[in-house]
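Peer 1: Below is a structure I'd like to ask you about.
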Ligand code: ADP
Ligand code: MG
């Protein structure tokens, strides 16, 4: 009701100069300091609303004189505005990251990977390593949960409002080669260098072409001490030359990535294989169970 009256008054005078619309008689005494004023002032500054900030108290006083109380209302409005903006930013970050699946650290069964320190992973989820431009390399066999952990850390970074990009090594190299051929490599490199966190999933035992290996090296070196990179791989670091080819390039890549690095050594069994749902027992064995298992 109070808001209808307030906004109505402002709407009627939409064309009028702000000064005139909100003018208060000069004789009006100073408004009392109210609980929540400090918080409201901080929100208005965060929202970049200097006129609100400059005028809301005098306006509140004027409207209070009429028996209305817009200040409490404005506080709630400003809080709602901030929460909504933050939610939208997180949503945008998650959408732009292009995660291949929705995974969270909360659904990760750490008991299945005893070599992985849960506390260390949750410490990483606080994203302080990103502020320090440190890297993470998750090493382990297929199906151990490397991608799950990488997405979980990526989601945690999005929740903090940080820009995140997710890609696989194969598609990244494909994209880089394509961009080079289509003359927009620099633009792509700039985008890749700009992420606070870039996740390169599945650096696997597939030898790269010389051009592909060099382009991947460029990405890693352009991000060196500027942003964090998470790499997941089934290859121990000593075997990376199988992917990058020349020893010289391999050590250049390794040096840059491991200068400030957290190694997540993931040992155990293939999770999906060991935790699959057994097919329902059927008397006739019509194949439905087998199909479910294969999914
Ligand atoms: P990797 O990348 O190491 O090959 P993924 O992360 O793709 O393995 O894991 C395969 C599937 O198994 C995914 O659906 C993942 O969510 C699930 N998974 C793997 N490990 C775990 C775990 N410890 N707890 C819960 N789910 C897991
Ligand atoms: Mg994977």
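Peer 1: Condition check: part of a loop (DSSP other than H, G, I, E, B) and at pLDDT 80 or above. Does residue 249 satisfy that?
Peer 2: no
Peer 1: Is it the case that the range 175-193 has a residue that's under 20 Å from residue 136 (Cβ atoms) and not in a helix (DSSP H, G or I)?
Peer 2: Within the range 175-193 (the criterion being under 20 Å from residue 136 (Cβ atoms) and not in a helix (DSSP H, G or I)), the answer is no, since none of the residues qualifies.
Peer 1: Right, another one. Show the residue pairs meeting these rules: Cβ distance below 9 Å; 6+ apart or different chains; first residue within the range 92-105 and closer than 13 Å to residue 149 by Cβ; second residue surrounded by fewer than 17 Cβ atoms within 10 Å (Cβ to Cβ).
Peer 2: As it stands, the answer is 105/118; 105/122, since those pairs meet every condition given.
Peer 1: Right, another one. Could you run through the range 111-142 and say how many residues are surrounded by fewer than 16 Cβ atoms within 10 Å (Cβ to Cβ), touching a residue at least 60 places away in the same chain (Cβ under 8 Å) and part of a loop (DSSP other than H, G, I, E, B)?
Peer 2: Qualifying residue count for the region: 5.
Peer 1: A further question on this structure: If only one of 182, 202 is modelled with pLDDT of 95 or more, farther than 18 Å from residue 135 by Cα and either surrounded by fewer than 20 Cβ atoms within 10 Å (Cβ to Cβ) or outside the structural domain of residue 148 (by TED's automatic domain parsing) (or both), which one is it?
Peer 2: 182
Peer 1: Within the range 165-179, does at least one residue satisfy the condition of being within 12 Å of ligand 1 (Cβ to nearest atom), over 26 Å from residue 247 (Cβ atoms) and free of Cβ contacts under 8 Å to residues at least 60 places away in the same chain?
Peer 2: no
Peer 1: Shifting gears a bit: Residue 208 - would you say it is modelled with pLDDT of 95 or more, farther than 24 Å from residue 94 by Cβ and surrounded by 20 or more Cβ atoms within 10 Å (Cβ to Cβ)?
Peer 2: In short, no.
Peer 1: Report, ordered by the first and then the second residue, all pairs with beta carbons closer than 6 Å, sequence separation of six or more or different chains, a first member in the range 193-206 that is touching a residue at least 12 places away in the same chain (Cβ under 8 Å), and a second member that is within 11 Å of ligand 2 (Cβ to nearest atom) and part of a loop (DSSP other than H, G, I, E, B).
Peer 2: 204/234
Peer 1: Which of the residues that make up the range 235-259 are within 16 Å of ligand 2 (Cβ to nearest atom) and crowded, with 18+ Cβ neighbours inside 10 Å?
Peer 2: Across the range 235-259, the qualifying residue is only 243.
Peer 1: Could I ask something else about it? Exactly one of these conditions fails for residue 150: (1) away from ligand 2 (no atom under 13 Å from the Cβ); (2) touching a strand residue (DSSP E or B) at 6+ places or on another chain (Cβ under 6 Å). Give me its number.
Peer 2: Just one mismatch for residue 150, condition (1).
The values are calculated or read from the model by the stated rules, or taken from the named source; none is laboratory data. Not measured: the values here are computed from a predicted model. Here the Cβ is made from the backbone with ideal geometry for all residues, glycine too, and neighbour counts use every protein chain on show.
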